[in-house]
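One structure below.
The values are calculated or read from the model by the stated rules, or taken from the named source; none is laboratory data. A quick note: this is a predicted structure, and the numbers were derived from the prediction, not measured. We place every Cβ from the backbone using ideal geometry, glycine too, and count neighbours over all the protein chains shown.
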Amino acid sequence: MSACELIEIPHQVVQAAGIDWGVTIDAYLSDAARVGDRFTALVYCDLSGASSDGMTVVTPKVRTVGEKDGYTLVQSMTGHDHYVIVSELLHDAAGEL
């Protein structure tokens, strides 16, 4: 069995994809960690096809533009891309993972 066959789309991604966000979603991000005004995360359903499901990516600079059902919609500062954060890693009180 190849590594690609082991990748499953997380249930949270499937749920978030069922929401009408009112914009085209370029990718869904899981286990996202904020790094300044960017996120590093596992990517799923990358519309561009540049990243495979389960790959680690870093977003361009983004801003939060909405929230639905516990999921967060962010938009690139250029306004061209939209991503849904389906799960976010939390920092402890010392700011470390």
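Structure values in brief
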| quantity | calculated |
| --- | --- |
| Residues of the stretch 41-61 that turn out to be hydrophobic (A, V, I, L, M, F, W, C), in a strand (DSSP E or B) and over 22 Å from G18 (Cβ atoms), as a count | 2 |
| Filter result (at pLDDT 95 or above, of a type outside the set (S, T, N, Q) and out of contact with any helix residue (DSSP H, G or I) (no Cβ under 7 Å at 6 or more places or on another chain)) within the stretch 38-49 | R38, F39, A41, L42, V43, D46 |
| Qualifying position, being in contact with a strand residue (DSSP E or B) (Cβ under 9 Å, 6 or more places away or on another chain) and farther than 19 Å from V13 by Cβ, among V58, V74, V62, V35 | V35 |
| Residue, surrounded by the most Cβ atoms within 10 Å (Cβ to Cβ), within the stretch 24-40, restricted to residues that are on the phi < 0 side of the Ramachandran plot and assigned to a loop (DSSP other than H, G, I, E, B) | D26 |
| Close pairs (6 angstrom Cβ cut-off, 6 or more residues apart or separate chains): among the aromatic types (F, W, Y) in the stretch 13-27, surrounded by 14 or more Cβ atoms within 10 Å (Cβ to Cβ) anywhere | W21/L73 |
| Which numbered condition W21 fails, given (1) touching a Leu at 6+ places or on another chain (Cβ under 9 Å); (2) among the aromatic types (F, W, Y); (3) buried (at least 16 other Cβ atoms within 10 Å of the Cβ) | (3) |
| Filtered residues of the stretch 18-33 (kept if under 19 Å from S76 (Cβ atoms) and among the aliphatic types (A, V, I, L, M)) | V23, I25, A27, L29, A32, A33 |
